[in-house]
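A short reminder: the numbers here are calculations on the coordinates, not readings from a lab. Quick caveat, the model's predicted, so the values are computed rather than measured. Cβ atoms come from the backbone with ideal geometry, glycine included; neighbour counts cover every protein chain shown.
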Amino acid sequence: MTSDPNKRLAVLISGRGTNLQSLIDAVHDRRLDATIAVVISNRADAAGLERARRAGIETLVLSHRDWPSREEYDRAILSELQVRDVGMVCLAGFMRVFSRVMLDAFPNAILNIHPSLLPSFPGLHAPRQALAHGVKVSGVTVHLVTAELDAGPIIVQRTVPVLENDTEETLAARILVEEHQAFPEAVQRLLDGGWIVNGRRFVKA
Ligand code: GRF
C-alpha cells in the first residue's frame, strides 16, 4: 500500500479489462509505483470486474442508467473516489464521456487510452477507421482527458505497422500489445511529476 494520496488510482472500465490487467500487473511487478484503490464499471457484466476481484481490488458497479444526467452520474462517481482518497483516474475502456464535474475535480489527473495515433481516428472503432483510411502505421495514445473527446495532451504514443492482410481484429490485437506497455508507462510518468502542459504539449517542466 502507498499512503500518498496522489498514488491512489481508480480504474474505470466498461468491458473485458485487459488494460486494467496491465495496470494490475505493473503494480505487482513494481513497474508502477501506485495502488489501485478501486475499480468502477458502468456495466455489471464487465469481465474486467473479475480481474479486479481476483487481484483483491475493491469493485463498484455504477450504472449510468441509474442517474438522470451526466452531471449527477459524475457526482456519484466523484463521491466514491473522494471517500477513497483517489488522486488519479485511469479510463481503461470506459465508454462514458465525463462532464465538467469530473474534469474540474481531477485537473490533469484523468488519463484515457485510445487505440490510434491521435489526432487520427478519435471516437469508436479506431482500428476499423485506420484500415478504412489505408494508413500504413497506427498505434496507441495515452492522453490527459479534457472536455474535447480524445483530444487532450498526449503523454505516450507507441506505433505498430498496418499490414496488407490485416483485419480490424488483427490490427486491434497488434495495437493492444502496445497498449499494455503504454498505459502503465504513462501513469508512472504522470506520477513522477516534473512535467507541465504547455499549450497542447505534455513536456518536462
Ligand atoms: C482498448 O482498445 C482501449 O484502447 C479502448 O478500449 C479498449 C479497452 O480494452 N479505449 P480492454 O477492456 O482494456 O481490454
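Some observations on this one:
- Given charges at Cβ of Lys, Arg, Asp, Glu: the stretch 38-107 dipole, positive-most of 63, 44, 82: 44
- With θ taken as phi - 60° and the Karplus curve 6.51 cos²θ - 1.76 cosθ + 1.60 applied, the whole-hertz 3J(HN,Hα) list for the stretch 79-84 is 5, 5, 6, 5, 5, 9 Hz, x standing for glycine and proline.
- Cα gyration tensor shape for the stretch 31-190, rounded if a/c is under 1.5, else prolate or oblate: prolate
- Summarising the label geometry, the points placed 7 Å from Cα in the beta-carbon direction at residue 63 and residue 149 lie 2.3 nm from one another.
- The charge dipole of the stretch 30-80, taken about its Cα centre with unit charges on the Cβ of Lys, Arg, Asp and Glu (plus for the first two, minus for the last two), comes to roughly 320 debye.
- About its Cα centre, the chain has a charge dipole of approximately 200 debye under the convention of +1 per Lys or Arg Cβ and -1 per Asp or Glu Cβ, with nothing else charged.
- Residues with amide H under 5 Å from that of residue 59, placed H, sequence gap 5 or more: 39
- Relative contact order %, the chain, counting alpha carbon pairs below 8 Å whose residues are six or more apart: 19 percent
- Across the stretch 95-205, the relative contact order, built from alpha-carbon pairs under 8 Å that are at least six residues apart, equals 24 percent.
- The stretch 1-93 shape via C-alpha gyration tensor axes, a/c threshold 1.5: oblate
- Acute angle (nearest 10 degrees) that the helix 168-192 long axis makes with the longest principal axis of the chain, alpha-carbon atoms: 50 degrees
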